[in-house]
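Structure record follows, encoded as structure tokens.
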Amino acid sequence: MHDSPFLADELFGRVLDEYPDIKTLKKLHAKIFFDQHLHQNPSLGIKLMRAYAANGEIRITRHIFDGIPVKNVVFFNVMIRSYVNNYRYDDGLLVFKTMSSYGFIPDNYTYPCVLKACSASQNLWVGLQIHAAVVKIGLDLNLFVGNGLVSMYGKCDKLLEARQVLDEMPRRDVVSWNSMVAGYAQNARFDDALEICREMELLRQRPDVGTMASLLPAITNTSSYNVSYIKRIFDNLVKKSLVSWNVMITVFVSNSMPGEAVDLFLQMEDCEIEPDAVTIASILPACGDLSALLLGRRLHRYVDMKKFRPNLLLENAILDMYAKCGCLEEASEVFNSMKFQDVVSWTSLISAYGRNGQGSEAVALFAKMQDLGMSPDSVAFVSVLSACSHGGLLDEGKYYFKLMTDKYQIVPRLEHYSCMVDLLGRAGRVHDAYNFVKEMPIEPNERVWGALLSACRVYSNMEIGLVAADKLFQMAPQQAGYYVLLSNIYAKAERWQEVTRVRSIMKSRGIKKTPGVSNVELNHKIYTFLAGDRSHPKSKELYEELDVLVGKMKELGYVPETDSALHDVEEEDKECHLAVHSEKLAIVFAILNSEPGTTIRITKNLRVCGDCHTAAKLISKISEREIVVRDTHRFHHFTNGICSCGDYW
DNA sequence: AAAATACAAT
């Protein structure tokens, strides 16, 4: 078949280098095995081992290794690496420990690999022995070995040792620095991680994709300064790879900058870079945040087209995107189409039903999950408890809290406590809620007191409201929302003097109300409205239409509700001020710019106020549209004058 | 004949 055996060698080698699939691989294997000449070529043996390992067929790799009569150090190295690349760290270390008894001396290829095994399994004990061994033979001066040591120490929480190795390396490259960055970042030493980046830049070592990826833990929920720092690294990359785009998207998403994440994703598409499963899983939460349903659906189709499924992580991300966009049917469709569902999938679905006001369904799902033998975790309980509070299911909520602590022995966290306070408070048990807070074994946080204060507003409990507000003003003196809530409590009781007093406190502390912002997605674009926004090109038309609507609403008995707003405007301005809350603008804009009959989806950054809630109900009736509003707490589905929350929110 | 750091959710 081949003119010369040497040509066959080369051909087989080249095919194997490309890691063929398992079927091709077995065919080649058989050919090589039966050919006397090929069988004796050590290079083909190495390549065969490597290719099997790349397919996860570690047992076959081992079988070939064992069958080689005359081994050399390379065989050992490849065997070790095959184990390590398949997460079999102890097996890798075992081969390493036995190789010297066969007379093979570990070399500059062996050590980086076994160090990786130590890093990945956090095996400091063996790591230290390896360090001693490489120093003895001077291999610690080797770049690859040094990098392995930095990484090993970093992964084993020994930052000082990692830093010392780095400092003493005779030569460093970008990987050396990145390993150090990763070490600090993984140990929550975020400032140190960033400091290393600056240091490497000073020494004219350009940060690369690896630097960005290593920095990731240090760049979640960070300052905008740090975000722009990593953006600058991204912009200055000599060559942008898929991973660099993925990391940059993740940075935006994990810093509550979903709009920027989506923009970057669209830019990436313009550059004709093909997104992979990681890209999609990273960008989907941003779609959820923005209620960018059209983009979300497009990504879903892309996943199906690319056959990325099954992929639990990705499917959970799609499911959660639909849940966050208020699309219960699509969310459960995805859930039902999944081959396997884990606790995360169930939790997503349960909280979706909960947030959409279908508390009983959420509770039923939770029960079903238990029936199927799935063990709920701490987060799953948060989802069912909050579903109970949104649905007004007082007894069920109490039952699940008890189930969690008694049967599952889960220690309640602040999230669970705030759900319970919310549950009791919304159900009108304001005193019970307050007692619950007082009896908590851990220090209540902002969320807990906030839930109590909200309950006090709904049920006009001034006494407890003042206690809660007082705590909140100490904990979060700059949070405008709590001042507004207290002022609402006073306003409802017609205590106008106190209302004025709260306003002047806010003024003296320089606190501004968080401006209301609403997003609406139309024709694949997201439009943003601020309260009182007049910056849109079609602003005039918008306000005219709003006037027409308000007129029709008044015919249906609409009376602008003035106590919903903080009285920071003059009396006569109140009605006008209320009329331009951002969700009203967004709704009117959507009515004007979409097909009649289609659903309108709005997301907003604050809780929807009583007046807008009434208005939305009426508008849904007048315009014959379903309006879905997602506020910071839940979904409101307005249809034909009725809201899914049953006016209980 | 063979190499090290590094991207995903409730």
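The values are calculated or read from the model by the stated rules, or taken from the named source; none is laboratory data. Not measured: the values here are computed from a predicted model. A quick note on method: Cβ atoms are made from the backbone with ideal geometry, for glycine too, and the neighbour counts reach across all protein chains shown. Protein only, heavy atoms only, side chains kept; ligands, DNA and RNA dropped before computing areas. Shrake-Rupley method; radii C 1.70, N 1.55, O 1.52, S 1.80 Å.
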Inset, instruction - Multiply the residue separation of A:D342 and A:E272 by 0.36 nm, subtract the distance between their alpha-carbon atoms, and state the gained length in nm to one decimal. - result: 21.8 nm
Inset, instruction - Give, as a single signed number, the net charge of other residues whose beta carbon lies under 15 Å from the beta carbon of A:N236, with Lys and Arg counted +1 and Asp and Glu -1. - result: +4
Legend entry - Value of [θ]222 nm, deg cm²/dmol, for chain A, DSSP H segments ≥ 4, -39500 (n - 2.57) each, nearest 500: -20000 deg cm²/dmol
Legend entry - Per residue solvent-accessible surface (Å²) - region A:240-340, probe of 1.4 Å: 42
Inset, instruction - Would you mind checking A:K47/A:K306; A:K525/A:K621; A:K324/A:K621; A:K31/A:K339; A:K23/A:K155 for any pair whose Cα atoms are more than 28 angstrom apart? - result: A:K47/A:K306; A:K31/A:K339; A:K23/A:K155
Legend entry - Where labels lie 7 Å past Cα in the beta-carbon direction, separation of A:Y527 and A:D235 in nm: 3.1
Inset, instruction - Kindly report, to the nearest 10 Å², the accessible surface of A:E330 as traced by a 1.4 Å probe over protein heavy atoms only. - result: 40
Legend entry - Carbon/sulfur fraction of accessible area - chain A, other protein chains in place, 1.4 Å, %: 54
Legend entry - Inter-label distance, nm, simple model (7 Å from Cα along the C-beta direction), A:I511/A:M305: 5.0
Inset, instruction - Over region A:422-509, give the accessible area per residue in Å² for a 1.4 Å probe, as an integer. - result: 52
Inset, instruction - Would you please state the base-10 log of I(q)/I(0) at q = 0.09 1/Å for chain A, with intensities from the Debye formula using one equal scatterer on every alpha carbon? - result: -0.93
Inset, instruction - Could you tell me which of rounded, prolate or oblate describes region A:308-442, using a ≥ b ≥ c as the square roots of the eigenvalues of the alpha-carbon gyration tensor, with rounded for a/c under 1.5 and, failing that, prolate when a/b is larger than b/c and oblate otherwise? - result: prolate
Legend entry - Zone of A:T405's modelled label, taken as backbone nitrogen in region A:429-448 under 15 Å from a point 7 Å along Cα→Cβ: A:433-444
Legend entry - Sites matching chymotrypsin sites (Phe, Trp or Tyr not before Pro) across region A:281-362 that sit in DSSP coil, with at most 12 neighbouring C-beta atoms within 10 Å: A:F340
Inset, instruction - State the answer as a single residue: which of A:L115, A:G154, A:G92 lies farthest towards the positive end of the charge dipole of region A:68-171, with beta carbon charges of +1 for Lys and Arg and -1 for Asp and Glu, about the Cα centre. - result: A:G92
Legend entry - Cβ charges +1 (Lys, Arg) and -1 (Asp, Glu), total dipole of region A:1-120, debye: 320
Inset, instruction - Mind checking the per residue accessible area of region A:158-230 for me, 1.4 Å probe, whole number of Å²? - result: 50
Inset, instruction - Can you pull the one-decimal nm distance between simple spin-label points at A:M475 and A:I642, each 7 Å off the Cα toward Cβ? - result: 3.7
Legend entry - Dipole axis of chain A (+1 Lys, Arg; -1 Asp, Glu on Cβ), positive-most option in A:Y102, A:F308, A:C327: A:Y102
Inset, instruction - May I ask you to rank A:I105, A:I442, A:I464 by accessible area, largest first, using a 1.4 Å probe over the protein chains only? - result: A:I105, A:I442, A:I464
Legend entry - Fully extended contour minus Cα-Cα distance, from A:K552 to A:S256, at 0.36 nm per residue: 102.7 nm
Inset, instruction - Would you mind classifying region A:422-509 by shape? Square roots of the alpha carbon gyration tensor eigenvalues, ordered a ≥ b ≥ c; an a/c under 1.5 is rounded, otherwise it is prolate if a/b is larger than b/c and oblate if not. - result: oblate
